[in-house]
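Read-outs: derived from the displayed coordinates by stated rules, not from any lab. Because the structure is predicted, anything quoted here is derived from the model rather than measured. Here the Cβ positions follow ideal geometry from the backbone for every residue, glycine too, while neighbour counts run over all protein chains shown.
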Amino acid sequence: MVEMTATVQAEYAVRYGGSGDRSPIDDGEFTPPRGTFLVVEAGGAAVAMGGWRRGGPAPGDAEIKRMYVRPEHRGRGWSRLVLAELERTAADAGVVRLVLETGQAQPEAIALYRSSGYVDVEPFGFYRDSPLSVHLGKRLA
């Protein structure tokens, strides 16, 4: 997970400049019951990851963080698999709505979330005032 997090941070730095995502994250936020973090392995290697942590603009929200699929494994359904499992585990933990922040320089992420039922929500969190941010959410069953 540490190596993949460094890889995604490097990708953010290329897409947005700077050193990557600067939002504060504490690994403990992803420990049940406060959250969950998933790593998908294929062929003995980590290929995708993502997590959720409690919090967001409304009570009952949890925020998706660090959704990432290695470039050489994209287009194989890993992101939808991770997203579905994040939604399932969050719903099982009593989360009412999942929210997330992504950026305009990640059109493939925006397309994934919108095609999965995520809609615009009020800006929140570390990037609430960023003109490059897109804030999305989805009510869970």
(message) Just to verify a number: FRET efficiency for A45 and R80, C-beta to C-beta distance, R0 = 22 Å, to 0.05?
(response) 0.70
(message) Using a Debye calculation, one point per C-alpha and no hydration shell, please list log10 I(q)/I(0) for the range 73-136 at q = 0.13, 0.27 Å⁻¹ in order.
(response) -0.39, -1.23
(request) Only helical DSSP H runs with n ≥ 4 go in: add -39500 (n - 2.57) per run for the chain, normalise by residue count and round the 222 nm mean residue ellipticity to 500 deg cm²/dmol. (result) -9000 deg cm²/dmol
(request) Please name whichever of H135, A111, P59 sits farthest to the positive end of the charge dipole of the range 25-139, dipole taken about the Cα centre and charges placed at Cβ: Lys and Arg +1, Asp and Glu -1. (result) A111
(request) Give the percent of DSSP beta bridges with both residues in the chain that are antiparallel, rounded to the nearest 5. (result) 90 percent
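Please report the projected area of the chain's Cα convex hull averaged over all directions, in nm².
Numbers: hull surface 32.3 nm².
Spelled out: convex hull of the Cα atoms, projected over all directions, averaged, 8.1 nm².
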(request) For the range 85-141 and the range 68-84, compute the distance between their C-alpha centroids and round to whole Å. (result) 16 Å
(message) If I take every Cα pair under 8 Å that is 6 or more residues apart in the chain, average their sequence separation and divide by the length, what percent do I get for the relative contact order?
(response) 19 percent
